[in-house]
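The values are calculated or read from the model by the stated rules, or taken from the named source; none is laboratory data. Quantities reported herein were computed from a predicted structural model and do not represent experimental measurements. Cβ atoms come from the backbone with ideal geometry, glycine included; neighbour counts cover every protein chain shown. Keep in mind that these areas ignore ligands, DNA and RNA; they rest on the heavy atoms of the full protein, side chains included. Shrake-Rupley method; radii C 1.70, N 1.55, O 1.52, S 1.80 Å.
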Amino acid sequence: MSTTATPTNTKWWNGGRSPFNASYGKVMMWYFLMSDAFTFGAFLISYGTIRFSQNHWVDPNHVFNSFPFAGHANLPLAFVSLMTFILIFSSVTMVLAVHEGHNMNRKGVEKYMILTIIGGIAFLSCQAWEWTHMLTGQHEVLVNGQIELWNTTVSHNPFGPEVMFNGKEVATPGPIAFGSYFFEITGFHGFHVFSGVIINIVMYIKTKMGHFDQRGHYEMIEKAGLYWHFVDLVWVFVFLCFYLI
Amino acid sequence: MSAHSASPEITFHADHSGGTKKIWRTFWLLSVITVIELAIGLAIYNIHKGEAPNHTLVLMFKGVVCILTLAKAYYIVSIFMHLGDEIRNMIMTIVVPLCLFIWFIIAFLWDGNSWKNLRNTDAGSREYKTEQVAKPAAIEKGAKD
Amino acid sequence: MSSAATLHGADVHAGHDAHHEHHHHETFITKYVFSQDHKMIAKQFLVTGIIWAIIGGLFSVIFRLQLGYPESTFPWLEDFLGHWAKGGKLDPEFYYALVTMHGTILVFFVLTAGLSGTFANFLIPLQIGARDMASPMLNMLSYWFFFTASIIMFSSLFVQTGPASGGWTIYPPLSALGDASSGSKIGMDLWLVAMAMFIVSSLLGGLNYISTILNLRTKGMSMTRLPLTIWALFFTAVLGVLSFPVLLSGAILLLFDRNLGTSFFLSDIVIQGKILPNEGGSAILFQHLFWFLGHPEVYIILLPAMGMSSEIISVNSRKPIFGYMAMVGSLFAIAILAFLVWAHHMFVTGLNPFLGSVFVLLTLLIAVPSAIKVFNWLTTLWRGSIRFTPGMLFAIGFVSLFISGGLTGIFLGNSALDLHLHDTYFVIAHFHIVMGVASFFGMFAGVYHWFPKMFGRYLNNTMAYIHFWVTIVGAYLIFWPMHYEGLAGMPRRYYDFSNWESFKQFGELNQFISFISMIVFAVQLLFVFNFFYSMYKGRKVTTQNPWGANTLEWTTPVNPGHGNWPGEIPEVYRGAYDYAKDGHEFIPQNVPVGDDETHH
């Protein structure tokens, strides 16, 4: 941190140094995240493609309108906002942990890592509630002239276009791709959050044991942070694709 | 710091001594954008509830939400992931390959849209739809899924 | 300090006196099995690749037997394949399994892992002047994931219902519905699991290659002084890292369709009179996802062969490569275009025709960088003092095959022509020449050229010349006639053509092709024999730089230890192609630029 060398005259690409002024570990992490971005990108683009190929799609405000302990109150977008804020906040604590790492402040890193881990677990818990709610919540659907009770699963979607039946509006079966993609993509994202939490716990233990003080830098925290922010980044797009539009 | 600078890969160390002000400012920025997005989401909800939904308006709102999401992504990558603090070479090697997404998205969605047109005109495949017998009962199956 | 060194694995050796590194106690296990030395990992990839190539090649001989001699029976086949060849007649189901596994094995396990796994591992640290890969640990894991994938794929050959048989492209619904065919059952699941392992392996490898090339070049090794091999391997790794995840996504969605009742790729399907509940999915979506990997995959296979051929042609023509920057630029252009053209594999599957025409335009653009490369190879050869070493012959053979196979690509890239040519033997001929045999030639060229560096011995030249001439003549004799069959409309993936009046005329031609393919396969066994024989009994290499080449790998001892250079890593002062310059036959990269030297 003492160097004041100006990077302007450096011949970055001439060998003997990193052209990015970054360790290979960090470069690798960035490229891994790029690669993962293509995995998620492919999922979300497939979702978009199928959605474009359908005449009718589900209105997210009808599906995601409940809140724990709120009974049958119609609260569209409320719960997912909570989830989003939890994830943004855990991102902030993560970046603060990285910041403390730059200052070689072990106590600070520990504190913020704990907060980040709690944020991650809270997000996963919310997701568990939402999944349970969708998998068990039953809705009336008109199937072959009869009313059935359906829950939302990977192969059933009770949120199709509404028709008049016996004098009241009833939904027909909707595109089953909705549930398939919802569970598949949020599941894959949740898996990333889960592995992020595990990584963060390992980093916390390593910090606690003083590994990074011995090493003289907290670059591992930085790399774990990159992963964690990426998970947040993906959620931003999942939030967009499934809940907002 | 000495051990870190022992690596020949690193030419100089970035200055991280700045405070946490920037981080918190980004946090508030992200929060505000999210709140705006939610407001638009609710606006769309209310438009749909109305008698004659204005589809152009809905589409416009959705476009705005997409742009806001890209803004959020920019702030997360640039501030939280510190890409903005890296040197230009690094930024370019991350950003340029992401441009592949442009054609990836356009081509896929374009084809998806054309399948819809095919579906709506292809009578053959619709016929099975109407004949289709009962789907397996959902309630018991749902638990298994 | 010491723990910092373990983080920066490759700098371990740089930090300490490298001499001591070599005297670490190495057991058999750490040296040959769980080795972290990039050279040993490269050899592991190569030997595994050779084993796979023999299996994949043997499969092609067996199904060629069926195509060439549809009316004959071969009792020995029953001894070998059991109930898949009752009475010596190949079972149709198993014919498809053989075709599928032939494609899968050769495309992924031989020409991806075996080719770029071998040469990226072997050449990157040696040619850029690094002690090892950035992360030797991940490098080792990359091999062992590949090994696990190999074991799973191999075991799928022995399951009761047979291995996957829906083609190497595993299009749904054949791959998504277990009831669709016997190969769609457990064989398909094993295929997907093996490919997931394979993708992890290629990802670990690719990340390592990229960060090593970027971060660990020795002093003076600027990007524009990199040997073309390294440039090619670099773009290969980038292609792999960005496109394999898309196949992973497709494979995950397919696993959901298979096991969890989703309908990502399924819609409106009637199977054995039963209407399936699936609706709303699209089989074309899978094709999009598959080919988003699949097309870059073609270049993942081809680019290393291009890079190595460029290197070998320049060394053995004793001339600088013509148009170094144009070569790099065209590699770059090919890498970019590789991501933009995937749907040209899908012109007749129900793709929007207007979208298809955009893909035609993008596809035909590939002809430009390809033509630049061919032109530069030929002009490098022009008036050179050519040494026809076996490696050189294979490199020239690569150029020849790339031209012949590339030209037919222009036919197939036109959606209007593709309507007629799609799924015929014309396609088989095209991609086997340009991607299959050409890449094999690049691989052979690399093996013949770098074998002295790998094992400290030469391959036997007589066997090498026999190998070359039989293979190149054989390859043209096998695939050239297929163009005519394809133009006449003979479809691919058919078990038996003898029932069609219009294809009966090709019976003798098919017989001829099958016959030649057996000879060519036998000659490959000669190469394998040569390889293992020369490893132990070949003529010993006595000089550091047997080919008189400029690149850094030839500045290491004949048998470099772990860490590559016993002393300091050499510094680099010039590009890799200073041949026939200022009266010198060649000037290695680590020779400082003299005052009297001309600048190019």
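The helices (runs of 4 or more DSSP H) found wholly in region A:7-126 and carrying at least 3 residues that are within 8 Å of chain B (Cβ to nearest Cβ) and either more than 20 Å from B:Ala73 (Cβ to Cβ) or within 24 Å of the chain's Cα centre (by Cα) (or both) occupy A:24-52, A:78-102. Within region C:212-234, not a single residue is facing chain A (nearest Cβ under 10 Å), outside any loop (DSSP other than H, G, I, E, B) and over 23 Å from A:Trp13 (Cβ atoms). The set of residues in region C:483-515 that are under 32 Å from the mean Cα position of the chain (by Cα) and of a type in the set (S, T, N, Q) comprises C:Asn510, C:Gln511, C:Ser514.
For region C:35-60, a residue qualifies if it is among the aliphatic types (A, V, I, L, M) and either outside any helix (DSSP H, G or I) or open to solvent by less than 20 Å² (accessible area, probe 1.4 Å) (or both), and the qualifying residues are C:Ile41, C:Ala42, C:Leu46, C:Ile50.
Just one of the listed residues (A:Gly210, A:Gly216) is out of contact with any Gly (no Cβ under 9 Å at 6 or more places or on another chain), surrounded by fewer than 19 Cβ atoms within 10 Å (Cβ to Cβ), touching a residue at least 60 places away in the same chain (Cβ under 8 Å) and of a type outside the set (Asp, Glu), and it is A:Gly210.
Just one of the listed residues (A:Val143, A:Val154, A:Val163) is more than 13 Å from every other protein chain (Cβ to nearest Cβ) and of a type in the set (Val, Ile, Thr), namely A:Val163. I'd like the full set of residues that are assigned to a helix (DSSP H, G or I), open to solvent by 20 Å² or more (accessible area, probe 1.4 Å) and hydrophobic (A, V, I, L, M, F, W, C), limited to region A:127-145. Matches in region A:127-145: A:Ala128, A:Trp129, A:Trp131, A:Leu135. All conditions but one from (1) more than 14 Å from every other protein chain (Cβ to nearest Cβ); (2) of a type outside the set (Ser, Thr, Tyr); (3) free of Cβ contacts under 8 Å to residues at least 60 places away in the same chain apply to C:Leu355; the one that does not is (1).
Please go through region A:188-220 and give me each residue that is part of a helix (DSSP H, G or I) and aromatic (Phe, Trp, Tyr), ordered by number. Result: A:Phe188, A:Phe191, A:Phe194, A:Tyr204, A:Phe212. The condition (being open to solvent by less than 10 Å² (accessible area, probe 1.4 Å) and within 20 Å of A:Phe32 (Cβ to Cβ)) is satisfied by just one residue among C:Phe244, C:Phe264: C:Phe244. Within region C:413-429, the set of residues being open to solvent by 20 Å² or more (accessible area, probe 1.4 Å) and in contact with a Leu (Cβ under 7 Å, 6 or more places away or on another chain) comprises just one member, C:Val427.
If I filter region A:159-176 down to residues being free of Cβ contacts under 8 Å to residues at least 40 places away in the same chain and in a loop (DSSP other than H, G, I, E, B), which single residue comes out as surrounded by the fewest Cβ atoms within 10 Å (Cβ to Cβ)? Among those residues, the one meeting the criterion is A:Gly167. Scanning region C:254-281 for residues that are under 29 Å from C:Phe109 (Cα atoms), facing another protein chain (nearest Cβ under 7 Å) and touching a Leu at 6+ places or on another chain (Cβ under 9 Å) returns a single hit, C:Phe264. Being buried (at least 21 other Cβ atoms within 10 Å of the Cβ), assigned to a helix (DSSP H, G or I) and without any contact (Cβ under 8 Å) to a residue 60 or more places away in the chain is a property that does not hold for C:Ala120. Per the conditions (1) within 9 Å of another protein chain (Cβ to nearest Cβ); (2) in a helix (DSSP H, G or I), the sole criterion not satisfied by B:Val95 is (1). The listed residues are C:Leu81, C:Leu98, C:Leu157, and the only one of them that is open to solvent by less than 10 Å² (accessible area, probe 1.4 Å) and within 25 Å of C:Met518 (Cβ to Cβ) turns out to be C:Leu98.
Screening the candidates C:Ser72, C:Ser116 for the property of being over 28 Å from the mean Cα position of the chain (by Cα) and among the polar types (S, T, N, Q) yields one hit, C:Ser72.
Every residue, every condition in (1) free of Cβ contacts under 8 Å to residues at least 24 places away in the same chain; (2) touching a Gly at 6+ places or on another chain (Cβ under 6 Å), yes or no:
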| position | (1), (2) |
| --- | --- |
| C:Met153 | no, no |
| C:Val159 | no, yes |
| C:Pro163 | no, yes |
| C:Gly167 | no, no |
| C:Pro173 | no, no |
| C:Asp179 | no, no |
| C:Ile199 | no, no |
| C:Ser202 | no, yes |
| C:Met223 | yes, no |
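Only one of these is out of contact with any Phe, Trp or Tyr (no Cβ under 8 Å at 6 or more places or on another chain) and touching a residue at least 60 places away in the same chain (Cβ under 8 Å): C:Ala576, C:Ala522. Name it. Residue meeting the stated conditions: C:Ala576.
Counting only residues that are touching a residue at least 40 places away in the same chain (Cβ under 8 Å) and not polar (S, T, N, Q), region A:80-99 holds 10 of them. Count of region C:279-290 residues, restricted to those that are of a type outside the set (D, E, K, R) and open to solvent by 20 Å² or more (accessible area, probe 1.4 Å), is 2. Among the residues of this structure, C:Ser357 counts as one that is surrounded by fewer than 19 Cβ atoms within 10 Å (Cβ to Cβ), over 30 Å from C:Val470 (Cα atoms) and hydroxyl-bearing (Ser, Thr, Tyr).
Filtering C:Val315, C:Val328 for residues that are over 19 Å from the mean Cα position of the chain (by Cα), of a type in the set (A, V, I, L, M) and surrounded by fewer than 24 Cβ atoms within 10 Å (Cβ to Cβ) leaves a single hit, C:Val328. Of C:Leu293, C:Leu255, all but one fail to be open to solvent by less than 10 Å² (accessible area, probe 1.4 Å), in contact (Cβ under 8 Å) with a residue 40 or more places away in the chain and not charged (D, E, K, R); the exception is C:Leu293. Take the conditions open to solvent by 10 Å² or more (accessible area, probe 1.4 Å), of a type in the set (Gly, Ala, Ser) and touching a Lys or Arg at 6+ places or on another chain (Cβ under 8 Å) and apply them to C:Gly178. Does it pass? It is true that C:Gly178 is open to solvent by 10 Å² or more (accessible area, probe 1.4 Å), of a type in the set (Gly, Ala, Ser) and touching a Lys or Arg at 6+ places or on another chain (Cβ under 8 Å). The criterion of at least 1 residues that are crowded, with 19+ Cβ neighbours inside 10 Å and modelled with pLDDT of 95 or more is met by the following helices (runs of 4 or more DSSP H) wholly inside region C:442-552: C:461-487, C:507-537.
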